[in-house]
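The values are calculated or read from the model by the stated rules, or taken from the named source; none is laboratory data. Small disclaimer: the values here were computed from a predicted structure and weren't measured. Cβ sites come from the backbone with ideal geometry, for glycine too, and all protein chains shown count toward neighbours. Side chains included, ligands, DNA and RNA excluded: accessible areas come from the protein's heavy atoms. Shrake-Rupley method; radii C 1.70, N 1.55, O 1.52, S 1.80 Å.
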Amino acid sequence: MLDYLRNTDFYDVFVAKQEYGGAKDQFGRFLYKFCQNKDVSKPVVSDFLIKNGFLDVNWPENHRFAACLTHDVESIYPTWKYTLFTAAKFASKLELKNSLRRIIAKNKKSSSENPFWNFKQILKLEDQYDGKSSFYFKATLRDIVNWIYDIEDLTDELHSIIDMGGEVGLHGGFFSYNNPEELKKEKKHLEKALNKETIGVRMHYLRFEVPETWRILSDLGFKYDTTYGFPDMPGFRNGMCHPFKPYDLNLGKEIDIMEIPLIIMDGSLFGLPIDEAWTIVQNLIDITEKNKGVITILWHSNNFDKIFNGNKLKFYEKILSYLKNKNAWMTSGADIYDYWRRNKYFRRTSES
Ligand SMILES: [Zn+2]
């Protein structure tokens, strides 16, 4: 694929040349605001590859395109502040039983009471639209904002996710994006709780250094990553709306991992007026459909609590409904990885 791109304007975009030695925010992240190309709403590289016959994707069961549905799990224990606020909200609606349940659920290790142990509910919701998803869990007790939990408390939940057809992957810790030893421990810790190998990862805070983080993830045996998107803007960070094998400009070779680029994150929409946010989402979905690509969506699992985040929940449902009407294959990162790999789109596109 690189050979097709090498003498075109799209090569530098695809290999993310501007990120090498480019500006970073205080968390070490390359942001949209540092990006030279300001229109990231078009997957220019995917578009070029398709128009020139280098990429022709057929998704299973006549799906026109794919949506990779994902959830980062930041926190599983509501704070007292959150508990009391939502309990009061229920009480103000005279839903006294629900109000009381919030108080009882505080720190109780039980999925039926705790509003943040909602993984099965999320999967049930997605199932109504024939979708399923990936959940990325943290497996470290180090975090700058104290969003910590012990993954071993969630063993039963992890198995339920798998039983329902979802995927469990790693939400790599805040301090680990450039620390292979830490990340290795986290992967092992999660796999111990899950009793199964994990293949997918998204880094917390979207902390990501090109190309080092890809190299670290590949060396640790991850099969795919889905961190690569802008923390501050929905869109196509390197012009791709398809999975791709990243290229390491320093070493002059491809990195053995699949990137399923992150396109839409809830957090980068919520500051906008709702109509504007919806127009952005709609346009990104439409253009991904046109290119038969993958639209990766991150909706944090804490944004599904109706009493607190009713608008965010409603927005997500609107996305699911829109995707279903467009006949998208709504599935987990692991499924996308598996399908893309089996169909050898990489090989077909890298042979030239
Ligand atoms: Zn996170």
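Key figures for this structure:
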| read-out | value |
| --- | --- |
| Karplus-derived 3J(HN,Hα), 6.51/-1.76/1.60, for each residue of the stretch 52-62, Hz, glycine and proline x | 9, x, 8, 8, 9, 9, 10, 7, x, 6, 6 |
| Accessible area in the full protein assembly, largest first, 1.4 Å probe, for 8, 279 | 279, 8 |
| Accessible area in square angstrom per residue, the chain, 1.4 angstrom probe | 44 Å² |
| Rounded tilt (10° steps) of 80-92 against the dominant C-alpha axis of the chain | 70 degrees |
| With every protein chain in place, the chain: carbon and sulfur % of accessible area (1.4 Å) | 49 percent |
| Relative compactness, the stretch 187-288, computed as alpha-carbon Rg over 2.2 N^0.38 Å | 1.21 |
| Cα gyration tensor, the stretch 86-178 - rounded (a/c under 1.5), prolate or oblate | oblate |
| Accessible surface, 1.4 Å probe, highest first, among residues 103, 199, 257 | 103, 199, 257 |
| Mean-position separation - Cα centroids, the stretch 208-284 and the stretch 1-51, in angstrom | 11 Å |
| Fully extended contour minus Cα-Cα distance, from residue 317 to residue 7, at 0.36 nm per residue | 107.3 nm |
| Shape box of the stretch 6-94 [Cα atoms, principal axes, largest first, Å] | 64, 43, 21 |
| Exposure of residue 25 as accessible area (Å², to 10), given a probe of 1.4 Å and all protein chains | 20 Å² |
| Accessible area (Å², 1.4 Å probe, nearest 10) - residue 74 | 10 Å² |
| Surface accessible to a 1.4 Å probe, residue 329 within the full protein complex, Å² | 50 Å² |
| Cα-based Rg of the stretch 260-352 normalised by 2.2 N^0.38 Å, two decimals | 1.24 |
| Cα-projected label distance for residue 219 with residue 184, points at 7 Å along beta-carbon direction, nm | 0.9 nm |
| Taking the C-alpha atoms of the chain, convex hull volume expressed per residue in Å³ | 134 Å³ |
